[in-house]
Amino acid sequence: MFFIGTALLILALRWSLDLVQLGGASAAFIFISYLTDALVFAATWTALTQPDGGVGLLAGWRLLKGRRLKVLKAGLWGLPSAAVSYLLLSLGAILFQAISVALGARIAGWLMLAWIFAVGWLCCALLFVSLFACIETARGEDKLWMAGVKGMRGAFLGWRPLLAVWTAFVCAATLCAALGAGVLGHLSLTSLDGEGRELLEYWINWPALFAAVMALLALLAPIGTDVLAGDRCDTGSEGELAAFGETVALRLGLALKALAAAVILSGLFVINVGIASSLTGALALWLTGRALAASAPAWGQAEAGTWARWKWLVFPGLPLALLWFGSTQIS
């Protein structure tokens with residue numbers, strides 16, 4: 001009942017925020033849901049890991065007194081998951097069109113499935129980075145950046161169990177889709193028209209989402225305890241954390257440069273994307289990766305400012321990236 005109630009609370013908050021439609025401001029309310037998730041997950045962690053035994057969610061919320069604002073800020077570490085999924089899945093259409101032309105549609109289809117699985121696993125790991133950051137903040141970490149670095153370190157050390165969690169989720173989602181297809185196959189076409197169709201399209205994914213959130217809540221304490229305990233044993237000192245943060249920035253910079261090369265090669269094969277557009281996108285990715293690598297030392301310094309760490313998002317690749325995405329949408 002604890003996990004059922006908590007999962008319903010998270011989905012109710014998500015549902016209420018998703019329903020808010022204020023012109024172009026609706027995305028801002030979806031962004032707020034990252035913050036509410038952080039508070040609920042931190043309260044869940046606090047409730048489940050008390051030395052004297054688990055307590056209720058309300059008691060976990062009370063135990064967060066004095067740290068709620070810091071936990072709220074730690075929820076910002078959920079944004080990289082959304083950004084990475086948007087970037088990689090948007091590029092996937094262009095990359096695999098080129099593979100289809102070069103190697104055939106069947107190979108491209110299988111590789112696209114592998115790409116979607118890998119991107120999902122990466123986003124799952126980034127989701128746990130956010131959860132671990134919220135847990136570290138609830139446990140006493142005061143610096144937002146250090147909480148995120150500890151979360152990244154924990155996700156890196158625990159990539160095997162996180163891969164198992166993601167694989168189980170994909171298998172369960174496939175099973176739910178198969179069962180759903182069997183049920184829908186017995187419905188008449190008249191029941192799927194008008195308002196009935198709209199209701200079905202909106203609510204069809206919510207039962208599976210509820211089960212996934214409840215499973216995530218149930219796994220939060222055991223995975224978090226084991227992974228973060230191993231992280232504390234292997235980290236040793238803040239110097240190692242600093243080196244890890246700098247290494248992450250360098251690796252991300254290399255990954256963006258590799259994507260730039262892939263975009264250039266794809267532009268040679270994809271008909272509906274011009275050479276100029278592919279060169280613009282590749283240049284944006286390469287410059288962003290270069291700027292990120294230049295900011296790597298700041299990723300290893302707990303005292304570095306926000307601008308020193310994140311200026312690579314603003315200059316010089318972002319204007320070119322916006323131009324490239326605009327041109328591809330127009331074409």
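The values are calculated or read from the model by the stated rules, or taken from the named source; none is laboratory data. Just so it is clear, the structure is predicted and the values come from calculations on it, not from any experiment. Using ideal geometry, Cβ is built from the backbone for each residue, glycine included, and neighbour counts are taken over all protein chains shown. Remember, those area values only see protein heavy atoms, side chains included, never the ligands or the DNA or RNA. Shrake-Rupley method; radii C 1.70, N 1.55, O 1.52, S 1.80 Å.
If only one of Leu9, Leu95, Leu39, Leu89 is at pLDDT 90 or above, of a type outside the set (Ser, Thr, Tyr) and either more than 29 Å from Ala229 (Cα to Cα) or open to solvent by 50 Å² or more (accessible area, probe 1.4 Å) (or both), which one is it?
Leu9
Could you grab me the full set of residues in region 137-149 that are touching a Leu at 6+ places or on another chain (Cβ under 7 Å) and under 18 Å from Trp45 (Cα atoms)?
Ala138
For region 52-100, how many residues are over 16 Å from the mean Cα position of the chain (by Cα) and of a type in the set (Ser, Thr, Tyr)?
So the count comes out to 1.
What pairs can you find where one residue is in region 155-175 and in the same structural domain as Leu228 (by the TED database), the other is open to solvent by 60 Å² or more (accessible area, probe 1.4 Å), and their Cβ atoms are less than 7 Å apart, with a gap of 6+ or different chains?
Correct list of pairs: Leu157/Asp234; Leu163/Trp121; Val165/Leu219; Trp166/Trp121; Val170/Phe117.
Quick check on my filter: what residues within region 98-137 are β-branched (Val, Ile, Thr), touching a helix residue (DSSP H, G or I) at 6+ places or on another chain (Cβ under 8 Å) and either closer than 30 Å to Leu64 by Cα or at pLDDT below 90 (or both)?
Ile99, Val129, Ile135, Thr137 - these are the residues of region 98-137 that are β-branched (Val, Ile, Thr), touching a helix residue (DSSP H, G or I) at 6+ places or on another chain (Cβ under 8 Å) and either closer than 30 Å to Leu64 by Cα or at pLDDT below 90 (or both).
Can you work out which of the residues in region 285-318 that are basic (Lys, Arg) and open to solvent by 80 Å² or more (accessible area, probe 1.4 Å) is modelled with the highest pLDDT?
Applying the filter and picking the extreme gives Arg290.
Of the residues Ser90, Ser81, Ser85, only one is assigned by the TED database to the domain that holds Ile30 and either under 20 Å from Val270 (Cα atoms) or aromatic (Phe, Trp, Tyr) (or both); which?
Result of the check over Ser90, Ser81, Ser85: Ser90.
Would you mention how many residues in region 44-56 are more than 19 Å from Ile223 (Cβ to Cβ) and at pLDDT 85 or above?
1
Quick one: in region 158-202, which of the residues that are touching a Ser or Thr at 6+ places or on another chain (Cβ under 9 Å) and open to solvent by 50 Å² or more (accessible area, probe 1.4 Å) is nearest to Phe128 (Cα to Cα)?
Applying the filter and picking the extreme gives Leu200.
Just one of the numbered conditions (1) modelled with pLDDT under 80; (2) at negative phi is not true of Arg67; which one?
So Arg67 meets the others, but not (1).
Note down all Cβ pairs under 7 Å where the first residue falls in region 194-216 and is free of Cβ contacts under 8 Å to residues at least 40 places away in the same chain and within 20 Å of Leu9 (Cβ to Cβ), the second is among the hydrophobic types (A, V, I, L, M, F, W, C) and part of a helix (DSSP H, G or I), and they're at least six residues apart or on different chains.
Every condition considered, the pairs that remain are Ala208/Ala173; Ala208/Cys176.
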